[in-house]
1. Restricting to segment 10-19, what's the tally of residues that are without any contact (Cβ under 8 Å) to a residue 12 or more places away in the chain and either buried (at least 16 other Cβ atoms within 10 Å of the Cβ) or more than 48 Å from the chain's Cα centre (by Cα) (or both)?
2. Given the condition of a type in the set (D, E) and modelled with pLDDT under 90, answer yes or no: does some residue in segment 73-80 qualify?
3. Would you confirm whether any residue within segment 35-56 is modelled with pLDDT under 95, surrounded by fewer than 15 Cβ atoms within 10 Å (Cβ to Cβ) and of a type in the set (K, R)?
Amino acid sequence: MRNIDTNFALTQTNFNRRVAAARQVEAVQAAYDAGTVTFDQLLDAQRRLADAEVSYARSLIDYNRSIAQLHYRKGSLLEYNGVFLAEGPWPAKAYFDAHRRARQRDASIYLDYGHSQPGVFSRGPITQNFESIGADARPQQLEPLDPATRERPSSGTRFEEVPAPIGGGPTLAEPPAAATDDPQLLPTPTADATATGS
């Protein structure tokens with residue numbers, strides 16, 4: 001009860017402060033229009049009005065919250081807000097919905113919880129022999145291209161040994177066959193060609 005009285009008095013004070021600040025803004029605005037006060041004084045009066053409005057709104061919120069807390073402690077919050085609870089017969093639609101939902105529960109799927117052995121989901125180990133289906137990919141070590149000529153090294157170069165799949169020994173990787181679709185590189189001029197051309 002003391003909070004209600006305090007917040008009510010504070011709300012009245014802040015309301016009066018807001019009214020006084022609004023009157024001062026009107027007076028300073030008229031003086032500014034007449035050219036007797038500066039723009040800073042007008043802005044200061046408007047700032048005081050904004051502060052007074054914020055203080056009034058906060059005190060009004062606190063006053064309403066203290067009323068709600070009082071009715072909550074008294075146990076009369078629902079009555080204060082106009083909420084009344086009453087128990088009576090259900091409408092006919094509620095009985096119909098309850099009967100329909102009960103029928104849906106009766107017609108549900110029966111689960112046999114006594115079943116303890118799961119069904120078969122595997123027919124044995126899966127074969128891992130990819131050679132029999134033609135998917136055996138031998139690893140190959142590709143030789144890097146010569147950066148100057150963009151050609152593969154000559155056939156006399158030695159290849160690195162590449163580890164074979166498990167169960168086989170080391171093998172030598174063969175270079176891939178040269179594709180015929182590769183674009184031809186422009187020939188680089190040699191020393192003889194430059195000497196004859198000049």
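1. Going through segment 10-19 one residue at a time, the tally reaches 1.
2. First, pick out the residues of segment 73-80 that are of a type in the set (D, E): 79.
Then drop every residue that is not modelled with pLDDT under 90, which leaves 79.
The answer is yes; a qualifying residue exists.
3. Among the residues of segment 35-56, not one is modelled with pLDDT under 95, surrounded by fewer than 15 Cβ atoms within 10 Å (Cβ to Cβ) and of a type in the set (K, R), which makes the answer no.
The values are calculated or read from the model by the stated rules, or taken from the named source; none is laboratory data. If you're wondering where the values come from, they're calculated on a predicted model, not measured in any experiment. Every residue, glycine as well, gets a Cβ built from its backbone with ideal geometry; the counts of neighbours run over all protein chains shown.
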